[in-house]
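Participant: My structure is below; once you've seen it, I'll send some questions.
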Amino acid sequence: MTGESLDRTAIITGASRGLGLALACTLAEDGWALIIDARGEEALENARAELSRHTHVTAIRGDVADEVHRAAISEAANEAGGVDALVNNASILGPSPQPELLDYPLDVLEEVYRQNVISPLALIQALSKELKPQARIINVTSDAAVEPYEGWGGYGSSKAALEQLSNILAAENPELRVYRVDPGDMRTRMQQEAFPDEDISDRPLPEESVPGFIELLTGDLPSGRYEARELSTSVGTTAADS
């Protein structure tokens, strides 16, 4: 661990499995202090125990859609002396298999938007006084935000909203780095839920997307849209202006 790393703190939501845990493991090994959350108590405790072998970890169980939970994360950030990075990774898929829009239950769609769009912004607002100068905000998105995949109208449109929210947030706050990042297809539980009848063993593991996230958290790339796995091979060629 370097002294520089020990001075850095990151918040990662949905960090008990998948991409969130893979990214947390890499940052922990680099000496970043971590504040992590997840809804499942057992999985979160297992993640905390694993990560604590490398660094200081604060694990807070709860749902980012809950105001009290967001306040607890903000309090932990304040106790840490502020944060250098926030990774809004937690999200929900919605129904599995996913319905077409004409059959999509609107109450469920509202919940998808609440979790995938409103909650990330609400957490950013709760942490606005705890973000250090030049702090990095990563909102995890998807190619479903920009491609019209049949059956992805709920999840995909929520991620499209998150992308534009991120875009405007960056324009309004030039002192921050605001990234919207597509990690690519991954071999995760959410991916399996999205394709319940398919064998997804050919998808890359989440660890293959992590180097792109590290580049954004430690490099000097401007706010914008990035594809994580492209970053590891061609840094600087995937930012979008809008």
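The values are calculated or read from the model by the stated rules, or taken from the named source; none is laboratory data. Keep in mind that this is a model prediction, so the values were computed, not measured. Every residue, glycine among them, receives a Cβ derived from its backbone with ideal geometry; neighbour counts consider all protein chains shown.
Participant: Six or more apart or on different chains, Cβ under 6 Å: which pairs go from a residue in the range 111-138 that's over 10 Å from Ser158 (Cβ atoms) and in contact (Cβ under 8 Å) with a residue 60 or more places away in the chain to one that's basic (Lys, Arg) and assigned to a helix (DSSP H, G or I)? Could you list them?
Facilitator: Pairs found: Leu123/Arg70.
Participant: Name the residue, out of Ala72, Ala33, Ala76, that is over 14 Å from the mean Cα position of the chain (by Cα) and without any contact (Cβ under 8 Å) to a residue 40 or more places away in the chain.
Facilitator: Going through Ala72, Ala33, Ala76 in turn, just one is over 14 Å from the mean Cα position of the chain (by Cα) and without any contact (Cβ under 8 Å) to a residue 40 or more places away in the chain: Ala72.
Participant: Now, a different point. Taking the options Tyr104, Tyr179, name whichever one is under 25 Å from Ala71 (Cα atoms) and among the hydroxyl-bearing types (Ser, Thr, Tyr).
Facilitator: That would be Tyr179, the only listed residue that is under 25 Å from Ala71 (Cα atoms) and among the hydroxyl-bearing types (Ser, Thr, Tyr).
Participant: Turning to a different aspect of this structure: If you scan the range 15-43, which residues turn out to be within 22 Å of Gly81 (Cα to Cα), not in a strand (DSSP E or B) and not polar (S, T, N, Q)?
Facilitator: Correct list: Ala15, Leu23, Ala24, Cys25, Leu27, Ala28, Glu29, Asp30, Gly31, Trp32.
Participant: A further question on this structure: Quick one: which residue in Gly31, Gly20, Gly14, Gly82 is surrounded by fewer than 18 Cβ atoms within 10 Å (Cβ to Cβ) and in contact with a strand residue (DSSP E or B) (Cβ under 7 Å, 6 or more places away or on another chain)?
Facilitator: The match here is Gly82.
Participant: Is it the case that Ser91 is within 18 Å of the chain's Cα centre (by Cα), of a type in the set (S, T, N, Q) and part of a helix (DSSP H, G or I)?
Facilitator: It is false that Ser91 is within 18 Å of the chain's Cα centre (by Cα), of a type in the set (S, T, N, Q) and part of a helix (DSSP H, G or I).
Participant: Sort through Glu29, Glu4 and tell me the only one that's at pLDDT 95 or above and of a type in the set (Asp, Glu).
Facilitator: Being at pLDDT 95 or above and of a type in the set (Asp, Glu) holds for just one of Glu29, Glu4, which is Glu29.
Participant: Here are some conditions: (1) farther than 26 Å from Pro204 by Cα; (2) of a type in the set (A, V, I, L, M); (3) part of a strand (DSSP E or B). Ala65 meets all but one. Which one does it not meet?
Facilitator: Here Ala65 clears every test but (3).
Participant: Filter the range 174-200 for residues that are touching a strand residue (DSSP E or B) at 6+ places or on another chain (Cβ under 9 Å) and assigned to a loop (DSSP other than H, G, I, E, B); which is modelled with the lowest pLDDT?
Facilitator: Of everything passing the filter in the range 174-200, Gly184 is modelled with the lowest pLDDT.
Participant: OK, next. Residue check: is Ala59 surrounded by 15 or more Cβ atoms within 10 Å (Cβ to Cβ) and part of a loop (DSSP other than H, G, I, E, B)?
Facilitator: No; evaluated as a whole, the condition is false for this residue.
Participant: Sticking with this structure for a sec: Could you list all residues from the range 135-154 that are part of a loop (DSSP other than H, G, I, E, B) and not polar (S, T, N, Q)?
Facilitator: Val146, Glu147, Pro148, Tyr149, Glu150, Gly151, Trp152
Participant: Separate question: Within the range 116-134, can you find the residues that are in a helix (DSSP H, G or I) and either surrounded by 16 or more Cβ atoms within 10 Å (Cβ to Cβ) or in contact with a strand residue (DSSP E or B) (Cβ under 9 Å, 6 or more places away or on another chain) (or both)?
Facilitator: Result: Asn116, Val117, Ile118, Ser119, Pro120, Leu121, Ala122, Leu123, Ile124, Ala126.
Participant: Do we have Gly154 as out of contact with any strand residue (DSSP E or B) (no Cβ under 7 Å at 6 or more places or on another chain) and at pLDDT 95 or above here?
Facilitator: Answer is yes for this residue.
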